[in-house]
């Protein structure tokens, strides 16, 4: 079920609670999970408007400034690790890397961005968010509300920067930004703010783009020009799922460049309902998409296998351990345990507001 500001219509709010991405949840290893018995139900991704760039871009990040001592790590610098402490002979191996070439030129990467907001405590934070329709973003519940069960927990303002990169200033981003005007989260997150419960999921409404370095996108809806992901809305909890994570974690490039993680995520061993996976990403990656079958593939095989639809978000990054040597994170499935998030109702609620605000063509009710 969805919960919005005041319990009624969707209000203006945004955010990320700084403690949530670094929390230390209890993982009930071996307990019964909520693996869905039915097949996952998903929507189709949209590539957006293809523009001719007119030149090749290679070695786009050769001039990046390396992280300084402002970033804390065991070695004094940022380097990917393929497993955390005690995880050598487990499923939790991973690979994190900078997204290269520059993500703004490619779908679906350009449909993910940096989400900056003022939380209920009056401080500014950032999360990661992704387009799942022309005007609709998906992110983590703690990126919109602090989970205190009160209207006072909503955030107060926010901006979404698609495919953000520090190669440009905030006022010169190639796709500009859009104001996030309305948000909703699950009833479970709103009331309890509990991690590893499959409820740390939220949706946001984002208006027309403005301030874009590439002027042709100004005054257009972000998903209209950039494209958007498909998403799982029912039976999203699987025992094992190979997923790609995108995010803006503060420990990689200060959260100013998009990074990518690939891993096997599982609920079968940890008991769920959240996916658990190996990752070196930290705060700022919250809300980032966990994507099945990222990228394009032209398959001429007579049997293409199961769950072959491309660029589908199954979950959003939710939490990680306070002990940085563990190198594990968790992600809440969009549908929640046994579909209790009622993601279709959440989507329809914010889609109805989008249609009323920006026109019926911006999204279709499910």
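Taking the empirical scaling 2.2 N^0.38 Å for compact globular proteins as reference, the stretch 191-238 has a Cα radius of gyration ratio of 1.69.
How much length is gained if the chain between residue 307 and residue 97 is pulled fully straight, taking 0.36 nm per residue apart and subtracting their Cα-Cα distance, in nm to one decimal?
73.1 nm
Its relative contact order, with pairs defined as Cα atoms under 8 Å and 6+ residues apart, puts the stretch 161-220 at 38 percent. Hydrodynamic estimate: the Kirkwood radius of the stretch 207-366 over Cα pairs, inserted into Stokes-Einstein at 20 °C and 1.002 mPa s, corresponds to D of 123 µm²/s.
Find how much the distance from residue 124 to residue 105 grows on full extension, using 0.36 nm per residue of separation minus their present alpha carbon separation; answer in nm with one decimal.
Values: separation 19, 0.36 × 19 = 6.84 nm, distance 2.86 nm.
So the chain would gain 4.0 nm between residue 124 and residue 105.
Taking packing as the residue-averaged number of other Cβ atoms within 10 angstrom, the listed peptides 343-350, 196-203 run from highest to lowest as 196-203, 343-350. Taking 0.36 nm per residue of separation and subtracting the current Cα-Cα distance, fully stretching the chain between residue 86 and residue 322 would add 83.4 nm. Extent along the principal axes, Cα only, for the stretch 286-343: 46, 31, 16 Å, with the longest axis given first.
Could you list 366, 269 so that the one with the fewest beta carbons within 10 Å of its beta carbon is first and the one with the most is last?
On the way: 366 12, 269 16.
Fewest-to-most Cβ neighbours within 10 Å comes out as 366, 269.
Using 7 Å Cα-to-Cβ label points, what is the residue 216/residue 357 separation (nm, one decimal)? Calculated label separation equals 2.7 nm.
The alpha carbon radius of gyration of the stretch 254-313, expressed as a multiple of 2.2 N^0.38 Å, is 1.40. Summarising the label geometry, the points placed 7 Å from Cα in the beta-carbon direction at residue 148 and residue 194 lie 2.0 nm from one another.
Per the Debye calculation on the stretch 121-208 with a single equal scatterer at every Cα and no solvent contribution, log₁₀ I(q)/I(0) for q = 0.18 Å⁻¹ amounts to -0.79.
Based on the mean of other Cβ atoms within 10 Å per residue, sort peptides 177-188, 137-148, 351-362 so the most packed one is first.
The most tightly packed comes first, giving 137-148, 177-188, 351-362.
Working from label points 7 Å from Cα in the Cα-to-Cβ sense, the residue 171 to residue 268 distance is 5.4 nm.
Every read-out reported here was derived from the displayed coordinates using simple, explicitly stated rules and does not represent laboratory data. Since we're looking at a predicted model, the values are computed, not measured. Because the Cβ atoms are built from the backbone with ideal geometry, glycine has one as well, and the counts that use them run over all protein chains shown.
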